[in-house]
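Read the structure below first, then the notes.
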Amino acid sequence: MVAETCNLIFANLRGNEQLLCERLYRTLAPKGVWSAGSQERADLLVVQDHSTAITTTQNLSGTSFVVIEVKRASASRSLIDKDLERLARLKAAVPKNKVMLFLISEARRPDRFVGPDGVRSKVTYSIPKTNAYFRVIRACKASSRFSRRDTAHYACILEVFIK
């Protein structure tokens, strides 16, 4: 799933944007936000306005980027919330950059993020244990018929913001 998302993003990169996979969070935030030994990784990172190649250990805390976590909607709520907490922590450390969670659901409407009408939820959700919240900024549906909202495939983009 991450590889497919990676391919779609890579095919649509502009100019001097770069796509990096499995990037350590400690290289994305100023020192001290993550411990030196932390192995937590962001699934995808789109680095903007960077004309040179980026090394795997290079600290990018002063760079413009978008961090994307990818998760199946069938994952437990606690795993989804854990990704959102990690994204909120990064957003608090580098507020100018965007942080998002792509949620993919196969043959089931993700009720928490998509209403019964098949449209994204417009609710603002607090992220537990943080001073942040997220919104569903986009929900796309693939179905053979519009009336099959509950058994369609969905892709949702959740963006994290600081209060």
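The values are calculated or read from the model by the stated rules, or taken from the named source; none is laboratory data. No experiment lies behind these values; they were computed from the predicted model shown. Cβ placement follows ideal geometry from the backbone for every residue including glycine, while neighbour counts extend to all protein chains displayed.
Things worth noting here:
- Any chance Leu8 is at pLDDT 90 or above, out of contact with any strand residue (DSSP E or B) (no Cβ under 7 Å at 6 or more places or on another chain) and either among the hydrophobic types (A, V, I, L, M, F, W, C) or not in a helix (DSSP H, G or I) (or both): yes
- Within segment 28-52, the residues that satisfy the criterion of being out of contact with any strand residue (DSSP E or B) (no Cβ under 8 Å at 6 or more places or on another chain) and farther than 19 Å from Pro95 by Cα are Ser35, Ala36, Gly37, Ser51, Thr52.
- Enumeration of residues in segment 107-163 that are in a strand (DSSP E or B), under 17 Å from Leu79 (Cα atoms) and either touching a Ser or Thr at 6+ places or on another chain (Cβ under 7 Å) or of a type in the set (Lys, Arg) (or both): Tyr133
- Selection within segment 12-46 - free of Cβ contacts under 8 Å to residues at least 40 places away in the same chain and of a type in the set (Ser, Thr, Tyr): Thr27, Ser35, Ser38
- The selection criterion, being closer than 17 Å to Val136 by Cα and either touching a helix residue (DSSP H, G or I) at 6+ places or on another chain (Cβ under 6 Å) or part of a strand (DSSP E or B) (or both), does not hold for Val33.
- Total residues in segment 82-105, condition surrounded by 14 or more Cβ atoms within 10 Å (Cβ to Cβ) and part of a loop (DSSP other than H, G, I, E, B): 2
- Any chance Glu69 is in contact (Cβ under 8 Å) with a residue 12 or more places away in the chain, within 16 Å of the chain's Cα centre (by Cα) and surrounded by fewer than 16 Cβ atoms within 10 Å (Cβ to Cβ): no
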